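Participant: My questions will all concern the structure given below.
What follows is calculated from the coordinates using simple rules that are stated; it is not laboratory data. Values in this document were obtained by computation on a predicted structure and should not be read as measured data.
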């Protein structure tokens, strides 16, 4: 069992994909994530397209087995509130009326204000009546608006949130965020590491991998040690996740800020 995540830039990503297919098999390819690693907009006069994203390829040892075990989920995002003081707590909602490019079930719905709505809806009438009885249908605008299906935060937290293949820097951090984290760890010395990964990115990748509280995480290219940092943060929930970090000693450029700070390798 297991999942591997490998990050790489544009230069060799196509070669890496072919290599990973050969090693793990195309059937075990789980996804190609694009992480926006910088939040500013570069303006390089020598490039047609400015690079702001990095690639993260994801493979499992056995995709079918991974599905049986259950895929990992990310922390819940989105806004929740409780405008009708529902005892089940905060919720958000989605339209019960179908979108313009969808097909649904056609029947009439009477709003609390008495208005009759003759539309196509997301579910069958018996499903709607069941939701209505359970107070999972909400009408906005004092009962005059279209019906919306309530989704409770507590239930969504239990389900978790699936990842997409676009990791926004607002949710997953950036190289700039990671540099600030490292500056804090190294007593204000800046630029100790080139292109470090933020803790938020690694924490979410570990969650996405479905790591359990007693699992072991291996990082072949430890760099600034963000993986270890992320795992220690995750263990604040009482877990006993362990990590192995591997880093080949590298000579430090004598003109770099790292060398000036006293680090030789």
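Participant: Out of 125, 213, 170, any idea which swings most in a Gaussian network model of the chain, alpha carbons joined below 10 Å?
Facilitator: 125
Participant: Still on this structure, I have one more. Normalise the Cα radius of gyration of the range 26-98 by 2.2 N^0.38 Å (N = residues in it) and let me know the number.
Facilitator: Dividing the Cα radius of gyration by 2.2 N^0.38 Å gives 1.80.
Participant: Here's another thing I want to ask about it. With everything on Cα atoms, drop me the angle between helix 199-208 and the longest principal axis of the chain, reported from 0 to 90° to the nearest 10.
Facilitator: Tilt relative to the chain: about 60 degrees.
Participant: Separate question: Just the Kirkwood number for the range 1-151, please: inverse of mean 1/r across all distinct Cα pairs, in Å, one decimal.
Facilitator: About 20.3 Å, per the Kirkwood formula over Cα pairs.
Participant: Provide the descending list of Cα extents for the range 91-156 along its principal axes, expressed in whole angstroms.
Facilitator: 32, 27, 21
Participant: From the list [x] 9; [y] 37; [z] 21, can you say which value of percent of Cα pairs over 35 Å apart was derived from the structure given?
Facilitator: Matching the structure shown: [y].
Participant: Now, a different point. Nearest 500 deg cm²/dmol is fine: what mean residue ellipticity at 222 nm does the chain get from its DSSP H runs of n ≥ 4 alone, each adding -39,500 (n - 2.57), divided by its residue count?
Facilitator: Rounded to the nearest 500, the figure is -7500 deg cm²/dmol.
Participant: State the extension gain, in nm to one decimal, for the chain segment bounded by residue 115 and residue 144, taking 0.36 nm per residue of separation less the distance between their alpha-carbons.
Facilitator: Gain on stretching residue 115 to residue 144: 9.7 nm.
Participant: If you bin the C-alpha pair distances of the range 1-44 every 5 Å from 0, what whole percents do you get?
Facilitator: Result returned by the calculation: 5, 16, 26, 22, 13, 8, 6, 4, 0.
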